[in-house]
1. Checking residue 53 against (1) closer than 12 Å to residue 113 by Cα; (2) without any contact (Cβ under 8 Å) to a residue 40 or more places away in the chain; (3) loosely packed, with under 13 Cβ neighbours inside 10 Å, which single condition isn't satisfied?
2. Within region 83-121, how many residues are in contact (Cβ under 8 Å) with a residue 40 or more places away in the chain and either crowded, with 20+ Cβ neighbours inside 10 Å or among the aliphatic types (A, V, I, L, M) (or both)?
3. Test residue 125 against the criterion of being farther than 17 Å from residue 39 by Cα and of a type outside the set (Val, Ile, Thr), and give yes or no.
4. Is there any pair with a first residue in region 33-50 that is among the basic types (Lys, Arg) and a second that is surrounded by 12 or more Cβ atoms within 10 Å (Cβ to Cβ) and at pLDDT below 80 whose Cβ atoms are under 9 Å apart and which are 6 or more apart or on different chains, and what are they?
5. Against the definition (modelled with pLDDT of 95 or more and in contact with a helix residue (DSSP H, G or I) (Cβ under 7 Å, 6 or more places away or on another chain)), how does residue 51 come out, yes or no?
6. Among the numbered criteria (1) surrounded by 12 or more Cβ atoms within 10 Å (Cβ to Cβ); (2) assigned to a loop (DSSP other than H, G, I, E, B), which one does residue 80 miss?
7. Scan region 33-50 for residues that are of a type in the set (Ser, Thr, Tyr), crowded, with 18+ Cβ neighbours inside 10 Å and part of a loop (DSSP other than H, G, I, E, B) and report the count.
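The values are calculated or read from the model by the stated rules, or taken from the named source; none is laboratory data. Worth saying up front: this structure is predicted, and the values here are computed from it rather than measured. All Cβ positions, even for glycine, are placed from backbone atoms using ideal geometry, and neighbour counts span all protein chains on display.
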Amino acid sequence: MQSINSFFTNAQQQITSLYGFQDALLFQPNEPDTSRTIVQTPDVFHMPYETITIETPDNEKLHGFLIKQPSRTSERETLVFFHGNAGNIGHRLQNAHLLYRTCNINILLFDYRGYGKSTGMPSESGLYTDALAVYDYVRKRN
């Protein structure tokens, strides 16, 4: 009986440890190594853009690019591009360029908190907060 209790106690400690480290396991803001220091800009693909900073309700600053179609920018739809895990918005410019050319839309690329040049630490709740802040930014701007 003691070995069963010991097993469950050990298992509980392991699960508790995993829970505490889940953000570090899930979010990879420092891959590749230069992801927090070097961010390519849309100039690489000759796309007109504006560098933007969006402040979240909890005072984090999200770095982004608003890539604008050259004519009638305000009349175009704006796609909010969530770049996925690891890297930064500069690593997704080729994808943004394809969308920009084929869909004829504006594109807002942004780094989640803790990625690229954005402040803060990545977390699931932070991701939701960031998404809503970016959505509000686009709605107010258009």
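1. So residue 53 meets the others, but not (3).
2. Restricting attention to region 83-121, the residues satisfying the condition of being in contact (Cβ under 8 Å) with a residue 40 or more places away in the chain are 85-91, 93-94, 96-97, 100, 106-121.
Next cut, either crowded, with 20+ Cβ neighbours inside 10 Å or among the aliphatic types (A, V, I, L, M) (or both) only: 86-90, 93, 96, 100, 106-116, 118, 121.
Within region 83-121, residues that are in contact (Cβ under 8 Å) with a residue 40 or more places away in the chain and either crowded, with 20+ Cβ neighbours inside 10 Å or among the aliphatic types (A, V, I, L, M) (or both) number 21.
3. On the way: farther than 17 Å from residue 39 by Cα: yes; of a type outside the set (Val, Ile, Thr): yes.
Judged against the criteria, residue 125 is a match.
4. From region 33-50, the pairs are 36/29; 36/30.
5. Values: modelled with pLDDT of 95 or more: yes; in contact with a helix residue (DSSP H, G or I) (Cβ under 7 Å, 6 or more places away or on another chain): no.
So residue 51 does not fit the description; no.
6. (2)
7. We begin by selecting, within region 33-50, every residue of a type in the set (Ser, Thr, Tyr); these are 34-35, 37, 41, 49.
Now drop any that are not crowded, with 18+ Cβ neighbours inside 10 Å, which leaves 35, 49.
Next, from what is left, pick out any that are part of a loop (DSSP other than H, G, I, E, B): 35.
Matching residues across region 33-50 total 1.
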